[in-house]
Amino acid sequence: MTNSSRIDLLEVTVGGRSRDQLRSALTSRGILVNVHAETLLDADVFDREDARVIAVTERTVADLGRPDGAVLSEILELGLQQGLLLCPADTGPYLRLTLADQAPSTDAVMSSGKAPDGSLTVASEALSDDVDYPKGFYLRVVEGQLWLRGYRCDDEHVWSAQDRFVFRAPSVSS
């Protein structure tokens, strides 16, 4: 995959590490995390250590049929209607470890109330209904530095048509 290409289909091994092992792997690869990612990494879902291979694919909000943008619940539902699946909640860190050649953001601003340019948001179920609790992970590269970041939003926030989401691709084998 080149810097400018999208994820058509990528296999990712999710799980198989304890929380400490996962944090150590992120640190050893120089991957930075924000406070929201730290909060998510403290979730019980990371206590599962069963490794499984999933395939992921990328879609923009426009690809999902919303050229004027959509709120998160609509984006996730549109993906499901198109046969895509939500990623397991623990996918973000493993995807970040797998995807080293993501295109860099042209904007170094870290928090601006919108999805940063070049970011990939992992489409997954929220771990909490609390609007103050992070909804999930997104990946970005800023000035050559790999980031795993958590994000918060309510269901009034409209994502733009070019915002990119990573969904789990349906299994091709039975």
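The values are calculated or read from the model by the stated rules, or taken from the named source; none is laboratory data. Owing to the predicted nature of the structure, the values given are computational and were not obtained by experimental measurement. Backbone-built Cβ (ideal geometry, glycine too); neighbour counts: all protein chains shown.
When we screen 65, 83 for residues that are of a type in the set (Gly, Ala, Ser) and either more than 16 Å from residue 168 (Cβ to Cβ) or not in a loop (DSSP other than H, G, I, E, B) (or both), the only hit is 65. Checked against the criteria, residue 129 does not count as touching a residue at least 12 places away in the same chain (Cβ under 8 Å) and farther than 25 Å from residue 23 by Cβ.
If I ask for residues that are within 17 Å of residue 8 (Cα to Cα) and in contact with a strand residue (DSSP E or B) (Cβ under 7 Å, 6 or more places away or on another chain), which ones from region 56-90 would you list? Matches in region 56-90: 56, 57, 58, 59, 60, 61, 79, 84, 85, 86, 87.
Of 52, 6, 19, all but one fail to be under 17 Å from residue 122 (Cβ atoms) and without any contact (Cβ under 8 Å) to a residue 60 or more places away in the chain; the exception is 52. If you take the residues of region 134-174 that are in contact with a helix residue (DSSP H, G or I) (Cβ under 8 Å, 6 or more places away or on another chain) and of a type in the set (A, V, I, L, M), which of them is surrounded by the fewest Cβ atoms within 10 Å (Cβ to Cβ)? Filtering first and then ranking leaves 146.
Tell me, which residue of region 9-34 that is surrounded by fewer than 10 Cβ atoms within 10 Å (Cβ to Cβ) and not polar (S, T, N, Q) is modelled with the lowest pLDDT? Step by step, filter region 9-34, then rank; the result is 20. For region 44-51, the criterion of being among the aliphatic types (A, V, I, L, M), exposed (fewer than 13 other Cβ atoms within 10 Å of the Cβ), in contact with a Gly (Cβ under 8 Å, 6 or more places away or on another chain) and closer than 17 Å to residue 136 by Cβ is met by no residue. Do the conditions hold for residue 84, that is, is it surrounded by 19 or more Cβ atoms within 10 Å (Cβ to Cβ), at pLDDT 95 or above and either under 16 Å from residue 157 (Cβ atoms) or of a type in the set (D, E, K, R) (or both)? Taking the combined requirement at face value, the residue does not satisfy it. Taking the listed residues 164, 96, the one that is touching a residue at least 24 places away in the same chain (Cβ under 8 Å) and over 21 Å from residue 15 (Cα atoms) is 164, with no other qualifying.
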